[in-house]
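Participant: Provided herewith is a single structure, encoded as structure tokens, for subsequent inquiry.
The values are calculated or read from the model by the stated rules, or taken from the named source; none is laboratory data. Please read all numbers here as calculations on a predicted model, not as lab measurements. Cβ atoms come from the backbone with ideal geometry, glycine included; neighbour counts cover every protein chain shown.
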Amino acid sequence: MTATGTTRSPLFSVGEFRARAAERANPETCGDFGDHRLNPDARDQFAAFDWRDAAVLIPVIDRADAPSVLLTQRAANLRTHSGQIAFPGGRIDPEDRDAETAAMRECEEETGIGPAHIEIVGRLPDYMAGSGFRVTPILSIVRPDFSLVPNPHEVEAVFEVPLAFLMDEANHARGSRIVGGHLRHYYEMPYDDWYIWGVTAGIIRAMYERLYK
């Protein structure tokens with residue numbers, strides 16, 4: 001499945017993305033984003049969590065034809081979200097200055113793309129994940145002249161999806177499955193051979209709602 005008819009639209013240019021991030025991405029404004037939005041019966045469980053702080057980088061690649069978003073497939077041996085599609089990211093360490101520092105550090109560790117190629121343009125409100133992580137999504141624009149060096153211990157694959165595809169609500173489906181004995185609902189966004197779902201799809205949906213809806 002590919003985006004059709006909108007990949008060259010000014011609406012999805014890097015300049016427009018930067019402007020919308022500056023205008024609309026303020027994390028201090030109201031934003032109730034998380035897995036509980038589609039699973040209101042899980043709110044009591046969420047209220048009891050001792051949240052662990054994490055950050056992810058949303059890397060919008062400044063491609064000449066049309067911007068794309070870089071995603072990874074997590075290695076199968078990881079303890080959390082193994083084998084799933086994810087943004088570069090992970091826990092915020094005590095030595096990290098802030099969520100932006102953590103997201104860029106994790107991106108470099110996982111993909112080889114370092115701060116020299118990354119322009120931070122905004123931050124979305126925290127996304128509350130059913131796994132107990134409070135995830136801060138960091139919006140960024142990435143120069144396309146990077147060299148990928150995936151970390152085989154953390155990353156199975158790295159790929160890109162057109163920004164226009166991900167920001168098209170028509171591509172935001174809803175799925176469900178039994179998790180821990182409970183029926184859980186989530187967003188899913190299949191693209192070509194990649195199945196984007198769960199927390200990553202939820203963060204993409206939050207970006208759509210904040211920047212493009």
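Participant: Quick one: count up the residues across segment 110-127 that are under 26 Å from Tyr195 (Cβ atoms) and either surrounded by 21 or more Cβ atoms within 10 Å (Cβ to Cβ) or in contact with a Cys (Cβ under 9 Å, 6 or more places away or on another chain) (or both). Let's see the steps before the verdict.
Facilitator: Within segment 110-127, the first condition is being under 26 Å from Tyr195 (Cβ atoms), and the residues that meet it are 110-113, 124-127.
Okay, now just the ones that are also either surrounded by 21 or more Cβ atoms within 10 Å (Cβ to Cβ) or in contact with a Cys (Cβ under 9 Å, 6 or more places away or on another chain) (or both), so 110-111, 113, 124-127.
So the count comes out to 7.
Participant: Among the residues in segment 45-68, are any in contact with a His (Cβ under 8 Å, 6 or more places away or on another chain) and either surrounded by fewer than 21 Cβ atoms within 10 Å (Cβ to Cβ) or of a type outside the set (Ser, Thr, Tyr) (or both)?
Facilitator: Our first condition is that a residue be in contact with a His (Cβ under 8 Å, 6 or more places away or on another chain); within segment 45-68, this holds for 46.
Cutting the leftovers down to either surrounded by fewer than 21 Cβ atoms within 10 Å (Cβ to Cβ) or of a type outside the set (Ser, Thr, Tyr) (or both) gives us 46.
Looking through segment 45-68, at least one residue is in contact with a His (Cβ under 8 Å, 6 or more places away or on another chain) and either surrounded by fewer than 21 Cβ atoms within 10 Å (Cβ to Cβ) or of a type outside the set (Ser, Thr, Tyr) (or both).
Participant: Ok, one more. All but one of (1) buried (at least 19 other Cβ atoms within 10 Å of the Cβ); (2) modelled with pLDDT of 95 or more; (3) touching a Gly at 6+ places or on another chain (Cβ under 8 Å) hold for Leu148; which doesn't?
Facilitator: Of the numbered conditions (1) buried (at least 19 other Cβ atoms within 10 Å of the Cβ); (2) modelled with pLDDT of 95 or more; (3) touching a Gly at 6+ places or on another chain (Cβ under 8 Å), the odd one out for Leu148 is (1).
Participant: A further question on this structure: Quick one: is Gly180 without any contact (Cβ under 8 Å) to a residue 60 or more places away in the chain, on the phi > 0 side of the Ramachandran plot and surrounded by 15 or more Cβ atoms within 10 Å (Cβ to Cβ)?
Facilitator: Working: without any contact (Cβ under 8 Å) to a residue 60 or more places away in the chain: yes; on the phi > 0 side of the Ramachandran plot: yes; surrounded by 15 or more Cβ atoms within 10 Å (Cβ to Cβ): no.
Spelling it out, it is not the case that Gly180 is without any contact (Cβ under 8 Å) to a residue 60 or more places away in the chain, on the phi > 0 side of the Ramachandran plot and surrounded by 15 or more Cβ atoms within 10 Å (Cβ to Cβ).
Participant: What pairs come up if the first residue lies in segment 84-102 and is under 15 Å from Ile204 (Cα atoms), the second is of a type in the set (Gly, Ala, Ser), and their beta carbons are under 6 Å apart, counting only those six or more places apart or on different chains?
Facilitator: From residues that are under 15 Å from Ile204 (Cα atoms), the pairs are Gly89/Ala55; Gly89/Ala103.
Participant: Moving on. Out of everything in segment 82-100 that is farther than 14 Å from Leu57 by Cβ and either assigned to a strand (DSSP E or B) or among the hydroxyl-bearing types (Ser, Thr, Tyr) (or both), what residue ends up being modelled with the lowest pLDDT?
Facilitator: Ser82
Participant: So which of Val158, Val135, Val149 is under 12 Å from the mean Cα position of the chain (by Cα) and either assigned to a strand (DSSP E or B) or β-branched (Val, Ile, Thr) (or both)?
Facilitator: After ruling out the rest, the residue left standing is Val135.
Participant: Confirm whether Ala116 is of a type in the set (A, V, I, L, M), without any contact (Cβ under 8 Å) to a residue 60 or more places away in the chain and not in a loop (DSSP other than H, G, I, E, B).
Facilitator: Spelling it out, Ala116 is indeed of a type in the set (A, V, I, L, M), without any contact (Cβ under 8 Å) to a residue 60 or more places away in the chain and not in a loop (DSSP other than H, G, I, E, B).
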